[in-house]
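Report on the following structure.
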Amino acid sequence: MPNFKILIVDDDVNICQLLNLYLVKEGYSTSICHNGQDALKEIATHEYDIMLLDIMMPGMDGFETLSEIRKTLNIPVILLSARGEPMDKISGLDLGADDYVTKPFEPQELISRIKALLRRSRAQAVNTVVNSTPDLTVGNLSVSLSNYIVRVDGKKVEMPPKEIELLYYLASNPMRVFTREQLLNHVWGAGYKGDTRTVDVHIKRIREKLGNGFDWQLDTVWGVGYKFETTLKE
C-alpha cells in the first residue's frame, strides 16, 4: 500500500489520539492539528492525501476551514461531527466535503470510508493523465503518470503524487529553467495560493530520494528557480 498521508484536524485531543492509533496501525502516516488556522498553514506547506476535519472547533470551525481549503485545493475531505442533522450534512457536502461521518463512529467504518475515498481519488487522478501523458525515461530514471511510479535503475522509489508530478514536469522539459511560480501554477494549479517554499520543500525531498543520475540532475538556478539538466540528446 502506498504511504498515504492523512491530516487529522480536531480540537478534541482524545479523538485525535484514537484516530492516530487506528490509522497508524493501518499503515498510514498522520499529522494532527487542533484548529482550522493551523490546518490551513499545514496544507499550504505539506502535501496530504486526505483530511479528516471536525466541524465544531473554536475560532474557525470546520465549515469555514473547508470553505478556505476549496478556494485552492482539491484534497479529499471527510467531515467529522457530533451534529447529525440533515442540513449539516447538506451544508458540508455543498461546501465540497467528500464524505460526512457522525460522531460517535466506529473506527473501522471510518477507515473503510477513507480507503474508498482514496481509491476514488487515485482512480480520478490516473484517468486524468493516463491517455495524455506518456511514460518518461531519461537515462536510468523513469517516471510514469499512468500509474504514479518512479524508478531508478529499475527499482521503484516511493514518492507522493505531487513530487512525481513535479519531477515529471521538469524532466519532460529538460534544460528549461522554471521559476517557483511557474512550477506552482503548472503542478499545483493556477488557483493555488500557498507559499512558493512549497516547491523548495518538494525539490529537496525529490533530491533526497533520487540523488543525481549519471547523466541527469535537478539543478538550482540561483535567483530564478529550477531546471532538469541532462547530457542526453533529445
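The values are calculated or read from the model by the stated rules, or taken from the named source; none is laboratory data. The model shown is predicted, which means the values in this text are computed figures rather than measured ones. For neighbour counting, all protein chains shown are included, and Cβ atoms are generated from backbone atoms with ideal geometry for every residue, glycine included.
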Sole miss for R113 among (1) free of Cβ contacts under 8 Å to residues at least 40 places away in the same chain; (2) closer than 16 Å to L18 by Cα; (3) of a type in the set (D, E, K, R) is condition (2)
From the option list I90, I32, I78, I15, single residue qualifying as surrounded by fewer than 20 Cβ atoms within 10 Å (Cβ to Cβ), in contact with an Asp or Glu (Cβ under 6 Å, 6 or more places away or on another chain) and aliphatic (A, V, I, L, M) is I78
Going residue by residue through the range 58-75, is there one that turns out to be more than 30 Å from D200 (Cα to Cα) and hydrophobic (A, V, I, L, M, F, W, C)? yes
L218 surrounded by 19 or more Cβ atoms within 10 Å (Cβ to Cβ) and at pLDDT 90 or above = yes
When the range 48-64 is checked residue by residue, the ones that are more than 26 Å from I164 (Cα to Cα) and touching a strand residue (DSSP E or B) at 6+ places or on another chain (Cβ under 6 Å) are L53, D54, I55, G62
(1) assigned to a loop (DSSP other than H, G, I, E, B); (2) without any contact (Cβ under 8 Å) to a residue 60 or more places away in the chain all hold for M87 apart from (1)
Filtering the range 154-167 down to residues that are of a type in the set (D, E, K, R) and either assigned to a strand (DSSP E or B) or more than 19 Å from R205 (Cα to Cα) (or both) yields K155, K156
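Okay, residues lined up against (1) part of a helix (DSSP H, G or I); (2) modelled with pLDDT under 90; (3) surrounded by 15 or more Cβ atoms within 10 Å (Cβ to Cβ):
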position	(1), (2), (3)
T128	yes, yes, no
S132	no, yes, no
S146	no, yes, no
Y169	yes, no, yes
R176	no, no, no
A190	no, yes, no
G213	no, yes, yes
